[in-house]
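The values are calculated or read from the model by the stated rules, or taken from the named source; none is laboratory data. Keep in mind that what you see is a predicted model, and the values were worked out from it rather than measured. Please note: Cβ atoms are built from the backbone with ideal geometry, for glycine as well, and neighbour counts cover all protein chains shown.
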Amino acid sequence: MPENQHLILPDGIFKIIFENSPGSLLVQADAPRFTIIAASDGYLSTTSTNRQQIVGKGFFEVFPDDAENPDDVTTARKIFTKVAQTGQKIDVPCYRYDVYNAESKTYEKRFWSCSNIPFTCNDKVTYILNTVVDITAEVNARQEAIESEHRLRLAAEATGFATFDWNLNEEKRYCSPQIAELFGHPPATVLTSTDIFNMVHPDDRPVVIDAFNEAANTGVFGYELRVIWPDGSLHWVCIKGKQIADGPRNCTRVLGTILDITESKRDEIRKNDFIAMASHELKTPLTSIKSYIQILAKKLADSNDSFVSNALAKANIQVNKMTDLIHGFLDLSKLESGKLQFKPELFDINQLITEIITEFNQTSSNHNLTFTPQGNLSVNADREKIGQVITNLLSNAIKYSNKGTSVDIKTRLTDSGAKVSITDRGIGIKPRDQKKLFQRFYRVENEKIRNVSGFGIGLYLAAEIIQCHKGKIGVESVEGEGSTFYFTLPA
């Protein structure tokens, strides 16, 4: 074959190739008729037509113009006309053209994407190759995603949530309009992360830094803090979210929600103030009652009336329980208002435990308390507050185990510091309850302890005290066999 001779496909082969091409239609550029010359199988399937119906006919005889949108520049007539006049390829990324369904005798909503390529002869457009793709599924999916996002935004607005999504790599930051309002600005105000951080109360800024440092390990963050609005008013917000990283400590995206909790915080402050006031008011008459009981006990010490002696002893025990309860409420109100003070000092925790066990043995002889210390174990902490934690854990161990059983107290030095553990042979705790034990006012629902007194603040206070000392507290338990409560303190 000579080098300058080109290979020309026979008409039959070309026809086979064209008819098997995806979504192709060849029309003659004989405006305004635009006669259909050939159609591929894919085009016929997509448009629910056949060759007998369309080949040889004008395009708009088969696919009429959209009479409802005469000014639409994406209509086929205007596109074909422009291609024929300019000789330029024109793409239409998305347009709607409904297709008639012969079975249901209704028109089905369809969306398409098409390309129109001119073929010229002697500098004149003679044919236009129209290729179409049915993108109805993609358009519907995109529309559903938009509607889903819209519903989410409406729900967020209804509940008062603001949302944010910061892409740190691309420096793209999306914030819902509510964020500006939560920080005391008009909705259209654009706030940077620096603007928001500068509005955080100075005492709460370390909370933000600590939360993000912790999120570098856990991937999630959540905290409450105070913000100062431009008008000087103080407000509370709760921020929860997630960090996404592409490597160790390499955060690439931060997203989450912000909620105004000012009113609930004010209610909480009012409640704490009431508890503190009521507790203080109760302390004075309770102190007087305790003094009268002690005076009566001394005056009647020489009497042989066992009933009076037992009654006074039991009354004294109940007064002590009431006193401990009041102190607990006072500590709770101080803790939640940030007024609970700690006085750290270096002391031997083994000696402290020995003193507490001695006090328990003087008031209760129903359990066998055993202590296994490990050498001298000194910690730098608030001795009184740590004693309060140990007393609470030991009291619970006695309260929730049968008389005559043993309660074991152990101390040892670990990599994380001094560890104190208290083990009982009591009723044990279900796994679902173990996760909530240290929550405020949480009480385990169990028929066996229904008559055991308590308000669910002891373990909450214990956990908060240990956490304030940078320690950890936890529980290991098997229902029906007993529990081990433990805590660690930096040694």
Looking at this structure, is Asn272 more than 23 Å from Val200 (Cα to Cα), polar (S, T, N, Q) and touching a residue at least 24 places away in the same chain (Cβ under 8 Å)? yes
For the range 23-35, state whether one or more residues are within 57 Å of the chain's Cα centre (by Cα), closer than 15 Å to Phe60 by Cα, polar (S, T, N, Q) and at pLDDT below 90. no
Among the numbered criteria (1) more than 30 Å from Ile258 (Cβ to Cβ); (2) not assigned by TED's automatic domain parsing to the domain that holds Arg77, which one does Asn198 miss? (1)
Within the range 61-70, is there a residue that is farther than 22 Å from Ile17 by Cα, more than 50 Å from the chain's Cα centre (by Cα) and of a type in the set (Phe, Trp, Tyr)? yes
Filter the range 84-98 down to the residues that are at pLDDT 90 or above and in a loop (DSSP other than H, G, I, E, B) and list them by number. Gly87, Gln88, Lys89
Does any residue in the range 428-440 that is surrounded by fewer than 17 Cβ atoms within 10 Å (Cβ to Cβ) come within less than 6 Å, Cβ to Cβ, of a residue that is in a loop (DSSP other than H, G, I, E, B) and not charged (D, E, K, R) six or more places away or on a different chain, and which pairs are these? Lys436/Tyr442
Check whether at least one residue in the range 221-230 is surrounded by 12 or more Cβ atoms within 10 Å (Cβ to Cβ) and modelled with pLDDT under 85, and report yes or no. no
Being in contact with a helix residue (DSSP H, G or I) (Cβ under 7 Å, 6 or more places away or on another chain), in a strand (DSSP E or B) and not assigned by TED's automatic domain parsing to the domain that holds Leu325 is the requirement here; does Arg253 meet it? no
Residues Val452, Val420, Val478, Val389: which one is surrounded by fewer than 16 Cβ atoms within 10 Å (Cβ to Cβ), at pLDDT 85 or above and among the hydrophobic types (A, V, I, L, M, F, W, C)? Val478
In this structure, does Ala216 turn out to be within 29 Å of Arg440 (Cβ to Cβ) and surrounded by 16 or more Cβ atoms within 10 Å (Cβ to Cβ)? no
Just checking, how many residues over the range 418-429 are touching a Gly at 6+ places or on another chain (Cβ under 8 Å) and part of a loop (DSSP other than H, G, I, E, B)? 5
Name every residue in the range 392-417 that is in a loop (DSSP other than H, G, I, E, B) and surrounded by fewer than 17 Cβ atoms within 10 Å (Cβ to Cβ), in order of residue number. Asn402, Lys403, Gly404, Thr405, Asp415, Ser416
Keeping to the range 387-408, report how many residues are over 15 Å from Asn361 (Cα atoms) and of a type in the set (Val, Ile, Thr). 1
Of the conditions (1) modelled with pLDDT under 80; (2) within 22 Å of Thr363 (Cβ to Cβ), Asp302 fails just one. Which one is it? (2)
Quick one: in the range 182-197, of everything that is among the small types (Gly, Ala, Ser) and either assigned to a helix (DSSP H, G or I) or surrounded by fewer than 16 Cβ atoms within 10 Å (Cβ to Cβ) (or both), which residue is farthest from the chain's Cα centre (by Cα)? Ala188
All strands (runs of 3 or more DSSP E) inside the range 99-180 with 3 or more residues being farther than 23 Å from Trp236 by Cα and without any contact (Cβ under 8 Å) to a residue 24 or more places away in the chain: 106-108, 111-121
Check whether at least one residue in the range 431-448 is modelled with pLDDT under 85, among the β-branched types (Val, Ile, Thr) and in a loop (DSSP other than H, G, I, E, B), and report yes or no. yes
Assigned to a helix (DSSP H, G or I), surrounded by fewer than 14 Cβ atoms within 10 Å (Cβ to Cβ) and out of contact with any His (no Cβ under 6 Å at 6 or more places or on another chain): is that true of Ser264 in this structure? yes
Residue hits (the range 311-361; at pLDDT 90 or above and aromatic (Phe, Trp, Tyr)) are Phe347
Counting just the residues of the range 123-149 that are small (Gly, Ala, Ser) and surrounded by 10 or more Cβ atoms within 10 Å (Cβ to Cβ), which one comes out farthest from the chain's Cα centre (by Cα)? Ala141
Could you pull out the residue among Val207, Val200, Val237 that is surrounded by fewer than 17 Cβ atoms within 10 Å (Cβ to Cβ) and under 20 Å from Leu255 (Cβ atoms)? Val207
